[in-house]
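Reviewing the structure listed below.
The values are calculated or read from the model by the stated rules, or taken from the named source; none is laboratory data. Everything numeric in this text was worked out from a predicted model, so none of it was measured. Glycine also receives a Cβ, built like all others from the backbone with ideal geometry; neighbour counts cover every protein chain displayed. Quick note on the areas: whole protein, heavy atoms, side chains included, nothing else; ligands and nucleic acids left out. Shrake-Rupley method; radii C 1.70, N 1.55, O 1.52, S 1.80 Å.
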Amino acid sequence: MEIRIIGTGSALPARRVTNEDLSHIMDTSDEWIKSRTGIRARHLAVEETTTGLATEAAKKALHQADVQPEELDVIIAATVTADKFLPNLSCEVQSALGAKNAVAFDLNAACSGFLFALDVARRYLEDGTHKKALVIGAETLSKIMDWQDRSTCVLFGDGAGAAVLSACEETGEKRGILSTVQGSDGSRGEVLRCDNRPVSNPYTAKYENTLSYVSMNGQEVYKFAVKTVPEVIKEAVAAAGLTVEEIDHFLLHQANYRIIESVAKRLHQPMEKFPTNLEECGNISAASVPILLDNENNHGMIKKGEKIVLAGFGAGLTWGAAVLVW
Ligand code: UT7
């Protein structure tokens, strides 16, 4: 069985906030943000919700795939910012789409989430019992940012991306997902965290509601990314029976342009193979890879038969890569 992506979609909130806009509400500058990260703007949810963005991206992906919601067997949403603890984002999207035959659940692997979800969906489809899957990465990160902390809040944005996967009979062309690799290192989790509510009830010493926001040791995350991403890419490419030279497009998690440049250098590959959209989107965690994939797909930048690497890294720590033939 070949597992192919047959449709993609994405959605961004209407409100575009530039670096210059941020410089009016905090002590930062377009020069600092652009030179350190490559980010020029991001879209922030004002009226939008994670569910609304995810549903819009999913509808576009289904439309492109020419798949009806009832045909979906599996929906997996990767997110750290679902609108509710319960029900999960996937069930909310299932309901909004009317995808009544799908099993729907969420997955949290932070910025690597889409890669992990893609792998789980692939395994559902591989044995032929499930035929169609919808994989979503969706975030409204702006609600978990500390807007007093300029070192983190300027980096992130909101949005959603989605892909429809189909189990197809093998054609001998060798298309679809060839390999997936993931890794995790919980012992380094402190460098990028956002706490949940603490245990608090009438029997604990303190009984209070506290909200926690994202905190990050940027330099440690940077070092982790530039070392680990090339390694996981090489591993996934080797598992696919290919060399990095044979890859046409590397679609990386959009956290920082300098990280992407460093990965390209370490892989000895030209930057032309590494498209970016962080300039306009910032870092959208689990949504960044599927949004970039949709951008490239819809602008005709990926041709049938081309070889693509998708790669993510982030909190956990977690990392993952996939190799596919379009
Ligand atoms: O998906 C998760 C992935 N996360 C990442 O990939 C993050 C990886 N790390 C990075 O991208 C970079 O480490 C950052 C962009 C976060 C930071 O860049 P940096 O070159 O490591 O800067 P820094 O943290 O060392 O800060 C340098 C200076 C500090 O001032 P002093 O102490 O040198 O006077 C900061 O206070 O920049 C200051 N600074 C800012 N200045 C203006 C920090 N944030 C800002 C800001 N505007 N927004």
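The base-10 log of I(q)/I(0) for segment 162-319, evaluated at q = 0.08, 0.12 Å⁻¹, reads -0.30, -0.61 [Debye formula, identical scatterers on Cα atoms, solvent excluded]. Between LYS174 and LYS304, full extension at 0.36 nm per residue minus the direct alpha carbon distance yields a gain of 45.6 nm. For the chain, the convex hull spanned by the alpha carbon atoms encloses 141 Å³ per residue.
Computed across segment 95-178, the Kirkwood radius stands at 15.3 Å (inverse of mean 1/r, all Cα pairs). Taking all protein chains as they are arranged and a probe of 1.4 Å, the heavy atoms of LYS234 leave approximately 110 Å² accessible to solvent.
For segment 245-284, the fraction of C-alpha pairs more than 17 angstrom apart is 23%. Taking the Cα centre of segment 44-90 as reference, the dipole from Cβ charges on Lys and Arg (+1) and Asp and Glu (-1) amounts to some 160 debye. For the pair segment 249-311 / segment 45-107, the C-alpha centres are spaced 24 Å from each other.
Our analysis of segment 52-202 gives Rg over Rh at 1.02, with the two radii drawn from alpha carbon positions and Rh computed by the Kirkwood formula.
For the chain, DSSP calls about 75 percent of its internal beta bridges antiparallel. Computed about its Cα centre, the charge dipole of the chain is approximately 340 debye, with only Lys, Arg, Asp and Glu carrying charge at their Cβ. Close amide H pairs (under 5 Å, H built 1.01 Å from N) link VAL103 with VAL74, ILE75, residues at least 5 positions away or on another chain.
Per the 1.4 Å probe, what fraction of the accessible area of segment 1-97, in percent, lies on carbon and sulfur atoms? Roughly 49 percent of what the probe reaches on segment 1-97 is carbon or sulfur. Sparse packing (at most 10 other Cβ atoms within 10 Å of the Cβ) combined with a DSSP loop state is found for the following GluC sites (Glu not before Pro) in segment 187-236: GLU208.
Local charge sum around GLU20 (other residues, Cβ-Cβ under 11 Å, Lys/Arg +1, Asp/Glu -1)? Around GLU20, the surrounding residues sum to -1. Three principal axis extents describe the C-alpha atoms of segment 154-203; from largest down they are 62, 31, 27 Å. Computed on the Cα trace of segment 42-139, the radius of gyration divided by the Kirkwood hydrodynamic radius gives Rg/Rh = 0.95.
Take every Cα pair under 8 Å whose residues are at least 6 apart in sequence, average their separation, divide by the length of segment 91-158, and the relative contact order is 19 percent.
Rounded to two decimals, what is Rg over Rh for segment 6-60 when you use alpha-carbon atoms and the Kirkwood radius? That ratio is 1.12, to two decimals. Are any of the pairs LYS143/LYS206; LYS100/LYS307; LYS174/LYS234; LYS60/LYS303; LYS60/LYS131; LYS34/LYS84 more than 28 Å apart by Cα-Cα distance, and if so, which? Violating the 28 Å Cα-Cα cut-off are LYS100/LYS307; LYS34/LYS84. Can you bin segment 245-326 into rounded, prolate or oblate? Criterion: square roots of the alpha carbon gyration tensor eigenvalues sorted a ≥ b ≥ c, rounded for a/c under 1.5, prolate for a/b above b/c, oblate for the rest. Rounded. A cut-off under 13 angstrom between Cβ atoms defines the neighbours of PHE116, and their net charge, with Lys, Arg +1 and Asp, Glu -1, is 0.
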